[in-house]
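Report on the structure given below.
The values are calculated or read from the model by the stated rules, or taken from the named source; none is laboratory data. On a predicted model such as this, the values are computed, not experimentally measured, just so you know. Note: ideal-geometry Cβ built from the backbone for every residue, glycine included; neighbour counts use all protein chains shown. All accessible areas refer to the heavy atoms of the entire protein, side chains included, with ligands and DNA or RNA removed. Shrake-Rupley method; radii C 1.70, N 1.55, O 1.52, S 1.80 Å.
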Amino acid sequence: MHVNIRSLLPKFVLFTALAHSANPDVLAVSESWLRKTTKNSDILIPNYNIFRQDRTAKGGGVAIYCKDSLQSSVLLSRSVPKQFELLLLKIHLSKNKSLTVAACYRPPSAPSCALDTICELIAPHLSSEFVLLGDLNWNMLNTPAILQSKLDALNLTQIINEPTRYLPKALNTGTLIDIILTNFPSKYTSAVFNQDLSDHCLIACIRNGSAVKRPPLITVKRSLKHFCEQAFLIDLAGVSWKDIDLIPSVEDAWIFFLNAFLTILNKHAPFKKCRTRNRYSPWFSPDLTALNQHKNILWRSALASNSPRDMQLFREARNHYTQAVRKAKASFFKPKFASCNTNSKKFWDTVKSMENKNTSSQLPTALKIGNTVTTDKSTIIENFNKHFSTAGHAFHLATPTPDNSTAPPTATRPSLPHFSFSQIHSADVLKELQNLDPYKSAGLDNLDPFFLQLSAEIVATPITSLFNLSFVSSEIPKDWKAAAVIPLFKGGDTLDPNCYRPISILPCLSKVFESQVNKQITDHFESHHTFSAMQSGFRAGHGCTSATLKVLNDILTAIDKKHYCAAVFIDLAKAFDSVNHHILIGRLDTLGFSNDCLAWFTNYFSDRVQCVKSEGLLSGPLAVSMGVPQGSILGPTLFSVYINEVALAAGESLIHLYVDDTILYTSVPSLDTVLTTLQASFNAIQLSFRGLQLLLNTSKTKCMLFNRSLPAPTRLSNITTLDGSDLEYVDNYKYLGVWLDCKLSFQTHIKHLQSKVKSRIGFLFRNKASFTHAAKHTLVKLTILPILDFGDVIYKIASNTQLNKLDAVYHSAIRFITK
């Protein structure tokens, strides 16, 4: 199916209704008029993957929505200014059969060479079944000879044979400019539908053959249908929890607790299988379907009679349908917002459902590992697990035969007092349990935070005993070292495992325990000033804003002194996943940790495993021998400890670290001296990272020369890596959420802020009728103002001309509330 929509965003509600009513497998759009600042999440339709090729300038653009039950990947995506936009997808229909689907838009003013280029690009893909949908702005009722000769040479046939665009008041003067071209015309049946979303008709074709359907999504969750809170708590209170104190092994004590708790929980809230419904427009009622069918009948009548009266009846029906769709959506969501009151979860769930946010963790229908594509779900989750578990091997893969490098020397500091774990009090554990988020997922131990929070007063004491027994034995239950990983699609090629983000879910009690451990070690670090002054990550009283202000102040001071200032923004590849446990334990040893603590941390890192979990399937466990655990409480703190001494290698340059975001910078009056000093410091920093077995991401590591008034150099000498690669000089770089530019004008940052707020306000205005006044106020307060507030003390030095641009979008947000 294809429609020339002439701006997708303002018509997205009607477009979603079209997808719901027609339910096409492939829905192509031309003249999408999308900018690169428009996120895919703004135009997402659940159960579809979206692929797009926007025009770099205003207008144009194509997009293809493809059902997620189809294996689809991008073959080619090309935009030539003032000529065309072209997007090709490969869709796997079966094991040995595939279909290439393309979308193309060519503006009327395009030069004749545009056709030659389009033909050259699609020609290599015509050996298999091919379908091209789009708008070439040639009237195919009287096909130009130049176009027909090209189509004949490519063996492509136009299967639409009636007008697709009519003048507003004359149905007998239509043109056929929308196309469906294919090299297998006998396999397709085509049709033209009414002008609904623009002045172009909707065109569609059906491929003869069986449809590819996704099997229903089955999830397993606990049933609360017959759950009685009082009976559940009475049964828990009847357990002899004090027996845990008699068990010497923490593993046995944990098994006792787990079995006792789950036996009662399974009795009151047993697991059940549920089929997930995929209805993504619950407001689209049968009445709207009837109106849509009536509108289509009137369209056909108007075409047949060529009567102005019939055409007027169609227009009235079309307008009535459009208003009914918008009213139906508003009538569905407005009462939902009114009923939210102070229930924040219900409020944001309603917002997400309105935005069509897809939070599903469904597996892709296929996954490509190397040159092999697999469709078996069990094999897919095993391949995901192998892919995610090797994320921390970046250094070793890039350095196949590493030398026996050791970690950089630690700072010479007065000997620190020994640190030992203190006993955890049940009152602290009770507070942690009561503050659990009941909506978080359970780990592989199946202990849901909801039930732990509910029973906090009963189980806090035995859980505290478990925690303290872990300290005494320097051992952690094995279940607490097992992570469930969910692959979440980020966008791009659904076959590529690199396009999925691993979301790690650890057992709830392991995170409660880690929270207590983290509090003890961070209090020790802060009281003894362990962290470098150049380290801001995950420290009380420090943050992105304070770190950026420190760097910015140093750079502005240098500029005021008429100095050149150059910086290297260092990016590390998979830094958290690459931590070497032996080196980290050595770091803790130098910081005064007792032998019992070191033994506990050694056990904490040993025998860790992960499994991929999705759609009721669970992969086999794979060992995780490197890195700090994803999703853990201790992970960020331990990583800060791991890289804390890197700052010592900066030499004559300045450095600032925020977890794995590092900036190295220096300033002197002489440009040559600046770059020489920076290169020397960068070399030392690289050696320091190598000693920690952390790999530099050369492609994302950038250089910048800050200069406001000094003469601009004609050519800058390159800053190089130890491997001999030259770093790229850039004029803009996003550092800790703030775009820095070489002139420190903050023009780029304000442009991004303006674009981000406009996009959000656009969504709010398009759905204004669906919000209550209170909802409008909440949405502006929590989604618009934080964007403007973040880093405002940093970019406030921008010119009034730039800041006035933010005033304009701020006033738009106010108008959304008040009008």
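Note the full-extension length gain between HIS393 and LYS95 as 0.36 nm times their separation in residues minus their Cα-Cα distance, in nm to one decimal.
Taking HIS393 through LYS95 to full extension adds about 104.0 nm, to one decimal.
Hey, what's the range 765-819 come to in accessible area per residue, 1.4 Å probe, Å²? Please list the in-between numbers first.
On the way: 2930 Å² over 55 residues.
That works out to 53 Å² for each residue.
Quick check on packing: order 200-206, 34-40, 723-729, 160-166 by the mean number of other C-beta atoms within 10 Å, highest mean leading.
Details: 200-206: 21.4, 34-40: 15.6, 723-729: 12.7, 160-166: 18.1.
Ranked by mean Cβ neighbours within 10 Å, highest first: 200-206, 160-166, 34-40, 723-729.
Can you compute the modelled spin-label distance between ASN800 and LYS150, with each label point 7 Å from Cα toward Cβ, in nm?
5.4 nm
Which of the pairs LYS574/LYS734; LYS36/LYS550; LYS574/LYS613; LYS334/LYS805 have their Cα atoms more than 24 Å apart in this structure?
Working: LYS574/LYS734 19 Å; LYS36/LYS550 32 Å; LYS574/LYS613 22 Å; LYS334/LYS805 32 Å.
The pairs that break the limit, which is 24 Å between Cα atoms, are LYS36/LYS550; LYS334/LYS805.
How high is the relative contact order of the chain, given as a whole-number percent (alpha carbon pairs under 8 Å, six or more residues apart)?
Values: 1367 pairs, mean separation 85.9, N = 819.
Computed over the chain, the figure is 10 percent.
Can you pull the one-decimal nm distance between simple spin-label points at CYS499 and SER725, each 7 Å off the Cα toward Cβ?
Computed distance between label sites CYS499 and SER725 equals 2.4 nm.
Given the peptides 482-488, 260-266, arrange them by the average over their residues of other C-beta atoms within 10 Å, most packed first.
Order by mean packing, descending: 482-488, 260-266.
Filter the trypsin sites (Lys or Arg not before Pro) in the range 778-810 to those in DSSP coil with at most 13 other Cβ atoms within 10 Å of their Cβ, and list the result.
Taking the range 778-810 and a limit of 13 other Cβ atoms within 10 Å, the loop trypsin sites (Lys or Arg not before Pro) found are LYS796.
Farthest toward the dipole's positive end in the range 466-615, which of PHE601, ILE476, PHE531, given Cβ charges of +1 (Lys, Arg) and -1 (Asp, Glu) about the Cα centre?
PHE531
For the chain, with the dipole built from +1 on Lys and Arg beta-carbon atoms and -1 on Asp and Glu ones, taken about the Cα centre, which of SER69, SER422, LEU736 lies farthest toward the positive end?
Result: SER69, furthest along the dipole toward the positive end.
Which Cα, out of TYR166, GLY491, GLY627, lies furthest along the positive dipole direction of the chain (beta carbon charges, K/R +1, D/E -1)?
Result: TYR166, furthest along the dipole toward the positive end.
Going through the range 556-589, which trypsin sites (Lys or Arg not before Pro) have at most 14 other Cβ atoms within 10 Å and a DSSP loop state?
LYS561, LYS562
For SER77 and THR372, FRET efficiency with R0 = 25 Å and r from the beta-carbon atoms, rounded to 0.05?
0.55
Return the carbon/sulfur percentage of the accessible area of the chain, one whole number, probe 1.4 Å, all protein chains in place.
Answer for the chain is 53 percent, counting heavy atoms of protein chains only.
Could you give the Stokes-Einstein D for the range 597-730 in µm² per second, using the C-alpha Kirkwood radius, 25 °C, 0.890 mPa s?
Values: Rh = 18.0 Å.
After rounding, the answer is 136 µm²/s.
In degrees, nearest 10, range 0 to 90: what is the angle between the Cα axis of helix 671-691 and the longest Cα principal axis of the chain?
Roughly 70 degrees between the two axes.
Restricted to Cα positions, what overall size does the range 1-133 have along the principal axes? Three whole-Å values, descending.
40, 38, 22
Using the heavy atoms of the protein chains and a 1.4 angstrom probe, tell me the accessible area per residue for the range 481-640 in square angstrom.
37 Å²
Grab the Cα-Cα distance for LYS700 and LYS478, subtract it from 0.36 nm times how many residues apart they are, and report the gain in nm with one decimal. Provide the component values of the computation, followed by the final result.
Details: separation 222, 0.36 × 222 = 79.92 nm, distance 3.75 nm.
Extra length available between LYS700 and LYS478 comes to 76.2 nm.
Rounded to two decimals, what is Rg over Rh for the range 266-336 when you use alpha-carbon atoms and the Kirkwood radius?
On the Cα set of the range 266-336, Rg over Rh gives 1.32.
Please work out how much length the chain gains when fully extended from ASP287 to PHE184, using 0.36 nm per residue of separation minus the C-alpha to C-alpha distance, in nm with one decimal.
33.3 nm
Quick one: dipole size for the chain, taken about the Cα centre, charges +1 on Lys/Arg Cβ and -1 on Asp/Glu Cβ, in debye to the nearest 20. Please report the intermediate quantities before stating the final value.
Working: 85 positive and 63 negative charges, 756 e Å.
The dipole magnitude comes to about 3640 debye.
Quick one: net charge around ASN804, please, counting Lys, Arg +1 and Asp, Glu -1 for every other residue with C-beta under 14 Å from its C-beta. Intermediate results must be reported in sequence, preceding the final value.
Values: positive: LYS751, LYS796, LYS805; negative: ASP807.
Summing Lys/Arg as +1 and Asp/Glu as -1 gives +2.
With a ≥ b ≥ c taken as the square roots of the eigenvalues of the C-alpha gyration tensor of the range 573-665, please select rounded if a/c is under 1.5 and otherwise prolate if a/b is larger than b/c or oblate if it is not?
Oblate shape, in that a/c is at least 1.5 and b/c is the bigger or equal ratio.
Is the shape of the range 689-777 best called rounded, prolate or oblate, per the rule: a/c under 1.5 gives rounded, else a/b larger than b/c gives prolate, else oblate, with a ≥ b ≥ c the square roots of the Cα gyration tensor eigenvalues?
oblate
Over the range 36-82, give the accessible area per residue in Å² for a 1.4 Å probe, as an integer.
42 Å²
By the scheme Lys and Arg +1, Asp and Glu -1, what is the net charge of all other residues having a beta-carbon under 13 Å from that of SER389?
Cβ neighbours under 13 Å give a net charge of +1.
With charges only on Cβ, +1 for K and R and -1 for D and E, what is the dipole size of the range 495-601 about its Cα centre, in debye, rounded to 20?
Computed about the Cα centre, the dipole is about 260 debye.
Between VAL220 and LYS242, what FRET efficiency comes out of the Förster formula 1/(1 + (r/R0)^6) with R0 = 41 Å and r the beta carbon distance, rounded to 0.05?
Once rounded, the FRET efficiency stands at 0.75.
State, as an integer percentage, the relative contact order of the range 172-301 based on alpha-carbon contacts under 8 Å between residues 6 or more apart.
27 percent.
Along the Cα→Cβ direction, 7 angstrom out, place labels at TYR439 and LYS39. What is the inter-label distance in nm?
Computed distance between label sites TYR439 and LYS39 equals 1.7 nm.
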